[in-house]
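Q: I have a structure here, written as structure tokens, and I will follow up with some questions on it.
Every number in this text was worked out from the coordinates using simple rules, so none of it is lab data. Keep in mind it's a predicted model, so treat the numbers as computed, not measured. We place every Cβ from the backbone using ideal geometry, glycine too, and count neighbours over all the protein chains shown.
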Amino acid sequence: MSRLARTVATLAMTCTFVVGCGNADDQQQTSSNRPLEKVTYLTSFGNFGRDSYAWVAKDKGFFREAGLDVDIKPGSGTGDNLSKVEAGAAMFTPVDLTGLLLARGNKGAQSITVVAGIQQRTMAAIISLEGNGVAAPKDLEGKKLADSPGSVVRSLFPTYAKLAGIDATKVTWVNGAPANLIGLLAGGTVAGIGQFVVGEPTVESVAKGKQAVVLPYSDVMSDLYGNVLVTTTKIAQEQPDLAKRFIAALMKGLVHSIDNPDEAGRILQKNVSAAAAAPAAAECTLMSAFVRPEGSGNVVGTIDTERVARSIKLLQDADAIPAGLAPDQFVSADLTPKP
């Protein structure tokens, strides 16, 4: 081949390479410049460490990688969160599955669909402090407890009381906002509050010098799930791609939070000025056993419909909900992560 021919061939190859690279760059730029889809999200209950995984997913860029711009707002418990999602004020939120079952049993939450599991067993509990005369469930009789009206802890209390041998009529409940509950307990206004078991470090950080007393609902109701991620049936059916991307990004944030609790605590504090990093990290550490309980496998977010069916039967046997409810009426098998 002559020198001229070799030069022409080299130039042709170079031009082809540049054009090809230019097209790839253009495609990548176009993809990266695609407008992010807006998603509204409510935390389960305020902004405690147990909800830091959403902030982690946002801070680490997991939502953005999924093409989503997520607006995170503090939730107020299962009942209020369900109402807001049904009303269109939010697109996704974690709620306690038992609270959802109770709502469905009372003909509520009809447009709600479960799309992922957050905690594979319930974290609902009553938390008191040493010196309040509460060491066992029966000790709650004659005491004043505080919680928000829509909280699953409060909604489920009659069933818990029945199974734990408590006379629920001898327990007084008063209303309290999520952010104020621990202060009510630490200040001695009430003898106990509705909380998740992972709230123990946060309670002790506020009630300085006093040890928390935790009465987990799971002691008498072992089959119950904890929080599950829900959306509307309309979104699940008409925007499944968006739902799948959101679920995957949120589960990535959940895994990162329980695997890196100290970082999760710092991220929460950076984004929520009222949050304290150390108690938040401690909550993430405790929550790990509920997100990945022994024998649950490595995939986070799964839902076992047979367990859901057993939960329904437990509530029916306790006369908490009527017959006729089945998992396939509100759990999306197409969207929930697979084991």
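Q: Angle check, please: helix 152-164 long axis (alpha carbons) against the longest principal axis of the chain (alpha carbons), in degrees 0 to 90, nearest 10.
A: Helix 152-164 sits at roughly 50 degrees to that axis.
Q: Could you tell me which residue out of L315, T285, Q239 lies farthest along the dipole of segment 222-332 toward its positive end? Charges go on the beta carbon: Lys and Arg +1, Asp and Glu -1, centred on the Cα centre.
A: Q239
Q: Taking R0 as 30 Å, what's the FRET efficiency between A274 and D69 from their Cβ-Cβ distance, rounded to 0.05?
A: 0.80
Q: Per the Kirkwood formula on distinct C-alpha pairs, the Rh of the chain is how many angstrom?
A: In the chain this quantity evaluates to 21.4 Å.
Q: Once you list every other residue whose beta carbon is under 10 Å from the beta carbon of D167, what net charge do they have if Lys and Arg are +1 and Asp and Glu are -1?
A: So the surrounding residues net to +2.
Q: For a quick check: sort S151, S273, S257 by the number of other beta carbons within 10 angstrom, fewest at the front.
A: S273, S151, S257
Q: What ranking do 97-107, 42-52 get when scored by the average of other Cβ atoms within 10 Å per residue, highest first?
A: Highest to lowest by the protection proxy: 42-52, 97-107.
Q: Order by neighbour count: E306, E283, E86, fewest other Cβ atoms within 10 Å first, most last.
A: With the fewest neighbours first, E306, E283, E86 line up as E306, E86, E283.
Q: Cα to Cα, under 21 Å, and not fewer than 8 places away if on the same chain: which lysines meet these conditions relative to K60?
A: K38, K73, K244, K252, K270
Q: A further question on this structure: What order do you get for W173, W55 when you list them from fewest to most C-beta neighbours inside 10 Å?
A: Arranged by neighbour count, lowest to highest, W173, W55 become W173, W55.
Q: Further question: Would you mind pulling out the separation of the Cα centroids of segment 230-264 and segment 52-69, in Å?
A: 9 Å
Q: Give the Rg/Rh ratio for segment 124-219, taking Rg as the radius of gyration of the Cα atoms and Rh as the Kirkwood radius, to two decimals.
A: Expressed as Rg/Rh, it is 0.91.
Q: Further, regarding this structure: Could you name the lysines whose alpha carbon sits less than 20 Å from that of K144, not counting residues in the same chain fewer than 8 places away?
A: Cross-link targets: K162, K170, K210.
Q: Work out the FRET efficiency for K210 and E306 from their Cβ-Cβ distance, taking R0 = 30 Å, and round it to the nearest 0.05.
A: Calculated transfer efficiency: 0.15.
Q: Considering amide H positions built from the backbone, and no H for Pro or chain starts, which residues 5 or more places from E37, or on another chain, come under 5 Å of its amide H?
A: L68, D69
Q: Another question about this same structure. Of all alpha-carbon pairs in segment 57-174, indicate the percentage at a distance above 18 angstrom.
A: 60 percent
Q: Right, something else. Using a 10 Å cut-off on Cβ atoms, rank the peptides 61-74, 224-237 from the highest mean neighbour count down.
A: Taking the mean over residues of other Cβ atoms within 10 Å, the ranking is 224-237, 61-74.
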